[in-house]
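To start, the structure under review is shown below, and the notes come after it.
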Amino acid sequence: MCNSIAAQAVCGKDQHITWQEGAVRREAKERALQQRGCVIWFTGLSGSGKSTVACTLEHALFNRGVLTTLLDGDNIRHGLNCNLGFCEEDRAENIRRVGEVTKLFVDSGLIALASFISPYSRDRDNVRARLGPRDFIEVYLKIPLEMCEARDAKGLYKLARAGKIKGFTGIDDPYEAPENPEITLEACSADGRPQCPESMARTILTYLESHGYLRAPMANNAVSGPARAIADWAERKTPVLDYSI
Ligand SMILES: Nc1ncnc2c1ncn2[C@@H]1O[C@H](COP(=O)(O)OP(=O)(O)O)[C@@H](O)[C@H]1O
Ligand SMILES: [Mg+2]
């Protein structure tokens, strides 16, 4: 499987392909949405809380009228990447494809939340380089292995320790921690208090606000365009589905 994917990538470069420009620019979409597109890339061990924090953050953003999309490692392996395994080469291809998908969303002005173990620095850095400086926000869930293993929400650590899963990150496969992530989330705050998923999501929200990705919170009636529709939907002021044109 690994070989065929490498072959496809080489084959793609041999085609005579010309880039087709769209008629609606990213900036126009961002203006309409009143937000700046980016990917929030969650990396960390299995059980570190990537999915939980991403879901919590997406909910908070939705309630503010922000248009998002959520890409989760387990879900993507059910579809787009169902033909990939966990060898180093397939993990690289997994992350490359997801990076390309997030780029499509970001170029449409959305805030994409991607939660993937993404254990290799090189794979994450390739996505960062592909997206560009302000479009990739790396969030490192710096949770000790012992804590992730104690949670063992899916029972996978138990299976890995018993040798029933091979190549499990943190057990018999490497995890390369980010060296310069935009945000590091730890199990406890500086004063030793445990950090719940809500407070972790709040940290990211504050980053997005202070770095200009979101419009400043404003009186709800000052919001317009698609952002208005999302805000109304979030507050259930309009019917959930309206088929009238
Ligand atoms: N900040 C947190 N504090 C305590 N428990 C958490 C926190 N974040 C996640 N969890 C719990 O840890 C387990 C694993 O979380 P999950 O989001 O599935 O991890 P991942 O997506 O990184 O594999 C879940 O049971 C979740 O409820
Ligand atoms: Mg997960």
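Would you confirm, using the coordinates I've provided, whether V98 is within 11 Å of the chain's Cα centre (by Cα), modelled with pLDDT of 95 or more and either outside any loop (DSSP other than H, G, I, E, B) or buried (at least 20 other Cβ atoms within 10 Å of the Cβ) (or both)? Answer is yes for this residue.
Of all residues in the range 42-66, which are in a helix (DSSP H, G or I) and either within 11 Å of ligand 2 (Cβ to nearest atom) or surrounded by fewer than 24 Cβ atoms within 10 Å (Cβ to Cβ) (or both)? Of everything in the range 42-66, those that are in a helix (DSSP H, G or I) and either within 11 Å of ligand 2 (Cβ to nearest atom) or surrounded by fewer than 24 Cβ atoms within 10 Å (Cβ to Cβ) (or both) turn out to be K50, S51, T52, V53, A54, C55, T56, E58, H59, A60, F62, N63. Within the range 67-90, restricting attention to residues that are over 15 Å from the mean Cα position of the chain (by Cα) and within 15 Å of ligand 2 (Cβ to nearest atom), the residue that is farthest from I230 (Cα to Cα) is F86. Restricting the range 35-52 to residues that are farther than 13 Å from I117 by Cβ and in contact with a Ser or Thr (Cβ under 8 Å, 6 or more places away or on another chain) leaves a set whose member that is farthest from ligand 1 (Cβ to nearest atom) is G37. In summary, I117 fulfils each of the numbered conditions (1) of a type in the set (V, I, T); (2) in a helix (DSSP H, G or I); (3) within 16 Å of ligand 2 (Cβ to nearest atom) with the single exception of condition (2).
Can you tell me which residue among I117, I171, I137, I183 is touching a Cys at 6+ places or on another chain (Cβ under 8 Å) and aliphatic (A, V, I, L, M)?
I137
Every test in (1) touching a residue at least 12 places away in the same chain (Cβ under 8 Å); (2) surrounded by fewer than 17 Cβ atoms within 10 Å (Cβ to Cβ); (3) small (G, A, S) is passed by G22 save one, and that test is (1).
The values are calculated or read from the model by the stated rules, or taken from the named source; none is laboratory data. What you are looking at is a predicted structure, and each value in this text was computed from that prediction instead of being measured. When we count neighbours, we look across all protein chains shown, and the Cβ atoms used for this are built from the backbone with ideal geometry, even at glycine.
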